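Report on one structure; see the data block that follows.
Bear in mind that the values in this text are calculations on the coordinates, not laboratory data. As the structure is a prediction and not an experimental result, all values here were calculated from the model. Here Cβ is always computed from backbone atoms with ideal geometry, including for glycine, and neighbour counts include all displayed protein chains.
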There are 2 protein chains.
Amino acid sequence: MPKIVDHEARRAEIAEALWRVVRRDGIGGASVRTVAAEAGWSPGAVRYYFPDQEGLLNFAMDLVSRRVRERIGAIEAIEATGTLTEIALRYLEEVIPLDSEREAEFETWLSFIAQALTETGAGGLRDHLGPVQDGLLELCQSLITALSDGNTLRAGLDLQLEAERLHALVDGLALHVAVQPGRTTPARVHQILIAHLETLQP
Amino acid sequence: MPKIVDHEARRAEIAEALWRVVRRDGIGGASVRTVAAEAGWSPGAVRYYFPDQEGLLNFAMDLVSRRVRERIGAIEAIEATGTLTEIALRYLEEVIPLDSEREAEFETWLSFIAQALTETGAGGLRDHLGPVQDGLLELCQSLITALSDGNTLRAGLDLQLEAERLHALVDGLALHVAVQPGRTTPARVHQILIAHLETLQP
């Protein structure tokens, strides 16, 4: 009888090994060879799933998107208590790198952008940037729409523009938390987001 | 008579070669060897000034800071016309990657951050991140102070918090321009910044 391989389980195993390497050595340390060593596999076995570093990087980015979506989904599962603004805050703080898990995700995302931007032309990593970024924009759009529907938004605001402005603010804060965690502390992020949401209120 | 070497001129020559390599191949393509080849020097001659890639990267970041400061200085040299808000806009748009020069600078900055964040402990690239980032925060602080002094700011605003919020917005917009130039266009950046500054008005 042929050996039956659970490909999904094996990809999940690679994902875990990849994530451990990224958290320890940064995305720059993740190669087919290092991930294979971490998983206790041969490089050839990893290459069966991810032939080259680009495939591995794309997989890492998919992982980051999935983790962020899972975290956002977990908030939705909790009964929403508090004002709409408080709930919005809770979502936004979930996507800012305020702990080591989210730091690793954000670092991966930045490395991915930095690497993709050096590519010229279509195809490759660059095509994957937009869809990942769209996830956070969609969250911002949902929050702005929810605030508007709940009559907690000033009249006359351009909802799409406000979603994009909030998206830029959140990504900028994420960058500042990563670069200067001593100045842009979790408490400071909280204050800035509250101040921002208050300016949107009627 | 010993040969007299103008070290400043030679560093400037390396700077130009480094910048050409970064614009063509991204910061990842900049090494002592590639910069030497670009300048038409031997690797040993470059190493005399920059013993390793870290030294070269730090030099690239100093270059980026200097270029940004020079561009901001050039605005100050132009007679300031228009309302305070229009002048503030002009400064802010100068630090967002809206042309290929500024794109190259921003890409260098992102790669530098991505590389620095993989380092653990003090020293190295990480120590250089804060000072570079401080330059843009200081610009935001100056603009918010100028708006406040000109009575074009709502009463009761926390000026330091507003400077940090503006700083995050500008860096987030820069990131979005780099990642999705088709969506976050120069015209869109302009609209978002105007909307933001308008919320600060009395």
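What to note about this one:
- Take every Cα pair under 8 Å whose residues are at least 6 apart in sequence, average their separation, divide by the length of chain B, and the relative contact order is 19 percent.
- With its label point put 7 Å out from Cα toward Cβ, A:ALA195 sits 2.0 nm from the same residue's point in the other copies, in order from shortest.
- Peptide A:154-164 shows a mean partner chain C-beta count of 2 within 10 Å per residue C-beta.
- Calculated label separations, B:ASP6, copies of the chain, 7 Å along the beta-carbon direction, nm: 7.1
- Gyration tensor (alpha-carbon) shape descriptor, the protein assembly as shown, a/c threshold 1.5: oblate
- Exercise: per-residue mean of other protein chain Cβ atoms within 10 Å, B:173-183: 5
- Relative to the dominant Cα principal axis of chain B, helix B:186-200 is inclined by about 50°.
- Translational diffusion coefficient (Stokes-Einstein; Kirkwood radius from C-alpha pairs) of chain A at 20 °C, 1.002 mPa s, in µm²/s: 115
- Comparing Cα centroids, the stretch A:18-72 and the stretch B:137-195 end up 37 angstrom apart.
- Helical mean residue ellipticity (222 nm; -39500 (n - 2.57) per DSSP H run of 4+; nearest 500) of chain A: -24500 deg cm²/dmol
- Ascending list, in nanometres, of distances separating the A:GLY130 label from those of the other copies (7 Å, Cα toward Cβ): 4.0
- Placing dummy labels 7 Å off each Cα toward the beta-carbon, the span from A:HIS190 to B:GLU13 is 5.7 nm.
- Residue by residue along A:103-115, Cβ atoms of other protein chains within 10 Å of the local Cβ number 4 on average.
- Cα gyration tensor, the stretch A:1-51 - rounded (a/c under 1.5), prolate or oblate: prolate
- Peptides A:7-16, A:170-179, A:103-112 ordered by average Cβ neighbours within 10 Å, highest first: A:170-179, A:103-112, A:7-16
- Residue of chain A with the Cβ closest to the rotation axis carrying A onto B, and that distance rounded to whole Å: A:GLY172, 2.
- Overall form of the stretch A:153-202 per C-alpha gyration tensor (a/c, 1.5; a/b vs b/c): oblate
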